[in-house]
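Report on one structure; see the data block that follows.
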Amino acid sequence: MEWWLHVGLLCIPLLAVYLHIPPPQLSPALNTWHSSGHFFTFRGNNVFYKESVGIVGSSDVLLLLHGFPTSSYDWYKIWDSLTQRFNRVIALDFLGFGFSDKPRPHRYSIFEQASVVEALVAHLGLSEQRINILSHDYGDTVALELLYRSDHNRSGHVTINSLCLSNGGIFPETHYPRFVQKVLKDSGFISPVLTRLINFQLFSRGIGDVFGPYTQPTEAEFWDMWTGVRINDGNLVMDSILQYINQRLKHRERWVGALTSTSTPLHMIYGPLDPINPHPEFIQLYRKLVQRSTVSVLDEHVSHYPQLEDPTGFFNAYLSFINSF
């Protein structure tokens with residue numbers, strides 16, 4: 001018998017066993033985050049969001065948009081600080097992420113996620129309110145689609161008061177996705193098999209690679225990220241969601257154009273050790289193309305998840321921006 005047939009026959013039972021491994025139990029911290037949130041319905045799917053009413057006497061609203069492959073829980077280290085500055089702080093799990101539904105098969109797109117955000121804003125009765133947006137990674141591109149709609153006065157658009165981006169691959173030419181991401185997004189019929197083979201060890205190694213060596217997540221934090229992926233079999237939709245990388249390339253003119261032409265106050269908070277959007281290539285291009293934006297480059301040890309790796313530096317950089325206009 002051919003060797004590859006032996007391997008295949010061995011993998012089938014292992015795969016079958018793995019498919020029946022239940023998702024990890026929620027940690028107390030993740031359970032608290034979930035319990036304090038709510039759901040609303042978007043086109044038949046449940047979308048999770050968390051909202052805190054903070055400082056009295058302010059009408060400022062802040063909307064937080066998370067990255068791939070994690071969730072709104074990415075913001076937990078600065079959540080309390082943000083509620084001391086804003087009247088309302090809102091974060092959601094995009095469709096296919098965290099506690100939100102993860103339909104499959106489904107054509108996930110940045111356009112749909114922007115519509116999810118618009119629907120949430122309407123659901124919360126904030127359609128007439130000017131919204132401050134703070135985004136990261138995948139959320140940066142969703143924010144740029146929202147910016148495009150806002151500047152072109154599309155119906156149902158979110159009226160953006162300010163936009164702060166952080167460590168997102170907004171320029172395809174300076175974006176270097178991880179090997180697994182490239183394989184999953186381009187492997188066609190093999191991708192569903194690969195998504196089923198991703199386990200905690202592979203996941204934590206991949207995520208750890210985009211954190212700085214001195215700012216690594218704890219074991220508990222790795223498990224919280226993995227739990228967020230595994231809820232509702234989110235690992236099985238990763239290949240579909242990763243089409244956003246191809247969408248960024250296809251719609252570069254629309255999204256980078258929105259960034260370079262807007263009159264909305266802009267800021268970039270950047271962890272310079274980021275292997276996905278490397279220094280200085282990424283930030284030099286950003287400064288060249290987006291001349292109206294201010295920029296905060298954090299400590300040299302901070303990498304792709306600046307709000308988790310340096311929450312104090314990240315929050316102070318954001319506070320300086322938001323208080324400057």
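With a 1.4 Å probe and every protein chain left in place, tell me how much accessible area Asp233 has, in Å² to the nearest 10.
Asp233 exposes around 60 Å² with every protein chain in place.
Could you work out how much longer the chain between His175 and Gln216 gets when fully extended? Use 0.36 nm per residue separation minus the Cα distance between them, nm to one decimal.
Numbers: separation 41, 0.36 × 41 = 14.76 nm, distance 2.18 nm.
Gain in length upon complete extension: 12.6 nm.
Cα axis of helix 252-261 to longest principal axis of the chain: angle in degrees, 0 to 90, nearest 10?
20
With a 1.4 Å probe and every protein chain left in place, work out the accessible area per residue of the chain in Å², rounded to a whole number.
On the way: 14360 Å² over 325 residues.
I get 44 Å² per residue for this part.
I'd like the accessible area for Phe68, computed on protein heavy atoms only with a 1.4 Å probe and all protein chains in place. Round to 10 Å², please.
Surface open to solvent at Phe68 totals about 20 Å².
State, as an integer percentage, the relative contact order of the chain based on alpha-carbon contacts under 8 Å between residues 6 or more apart. Intermediate results must be reported in sequence, preceding the final value.
On the way: 545 pairs, mean separation 62.8, N = 325.
Computed over the chain, the figure is 19 percent.
Thr312 to Val193: extension gain in nm, 0.36 nm per residue of separation minus the Cα-Cα distance?
Working: separation 119, 0.36 × 119 = 42.84 nm, distance 4.04 nm.
Full-extension gain reported as 38.8 nm.
Per-residue accessible area for Leu319 at 1.4 Å probe radius, Å² rounded to 10?
Accessible area, nearest 10 Å²: 50 Å².
Which cross-chain or sequence-distant (5 or more) residues have an amide H under 5 Å from the amide H of Gln216, H modelled 1.01 Å from N in plane?
For Gln216, no residues qualify.
About the Cα centre, and with charges only on the beta carbon of Lys, Arg (+1) and Asp, Glu (-1), how big is the dipole of the range 127-178? Nearest 20 debye, please. Mind showing how you got there, number by number?
On the way: 4 positive and 6 negative charges, 17 e Å.
The dipole magnitude comes to about 80 debye.
Express in nm, to one decimal, how much length is gained between Asn323 and Gln201 on full extension, taking 0.36 nm for each residue of separation and deducting their alpha carbon distance. Mind showing how you got there, number by number?
Working: separation 122, 0.36 × 122 = 43.92 nm, distance 4.18 nm.
In short, 39.7 nm is gained.
Run the quick spin-label model on Arg254 and Ile55: label points 7 Å from Cα toward the beta carbon, then report their separation in nm to one decimal.
3.6
Using packing as a proxy for protection, rank 161-171, 176-186 so that the peptide with the highest average count of other Cβ atoms within 10 Å comes first.
Details: 161-171: 24.4, 176-186: 15.7.
Most protected by this proxy first, the peptides run 161-171, 176-186.
What net charge is computed for the residues neighbouring Val180, neighbours being all others with C-beta under 13 Å from the C-beta of Val180, Lys and Arg scored +1, Asp and Glu -1? Don't jump to the answer; show the numbers that get you there.
On the way: positive: Arg178, Lys182, Lys185, Arg205; negative: Asp186, Asp209, Asp239.
Its environment carries a net charge of +1.
If I take the Cα coordinates of the range 258-325 and project them onto the principal axes, what are the three extents in Å, biggest first?
32, 27, 14
So what is the calculated 222 nm ellipticity per residue for the chain, using -39500 (n - 2.57) for each DSSP H run with n of 4 or more, over all residues, to the nearest 500 deg cm²/dmol? Present the calculation step by step, with values, prior to reporting the outcome.
Details: 15 runs with 143 residues, N = 325.
Helix contribution divided over all residues of the chain: -12500 deg cm²/dmol.
Heavy atoms only, probe 1.4 Å: what % of the accessible area of the range 50-167 goes to carbon and sulfur, would you let me know? Can you show the working numbers first?
On the way: 1620 of 3720 Å².
That share works out to 44 percent.
Once you place label points 7 Å from the Cα toward the Cβ at Leu285 and Phe39, how far apart are they in nm?
3.9
Semi-axes, largest first, in whole Å: what does sqrt of 5 times each Cα gyration tensor eigenvalue give for the chain?
Details: eigenvalues 205, 95, 80 Å².
Equivalent ellipsoid semi-axes, largest first: 32, 22, 20 Å.
Given points 7 Å out from each Cα along the Cα-Cβ axis, report the His152 to Asn246 separation in nanometres with one decimal.
About 2.2 nm separates the two model spin labels.
The values are calculated or read from the model by the stated rules, or taken from the named source; none is laboratory data. Because the structure is predicted, anything quoted here is derived from the model rather than measured. Every residue, glycine among them, receives a Cβ derived from its backbone with ideal geometry; neighbour counts consider all protein chains shown. Surface accessibility is based on the protein's heavy atoms, side chains included, excluding ligands, DNA and RNA. Shrake-Rupley method; radii C 1.70, N 1.55, O 1.52, S 1.80 Å.
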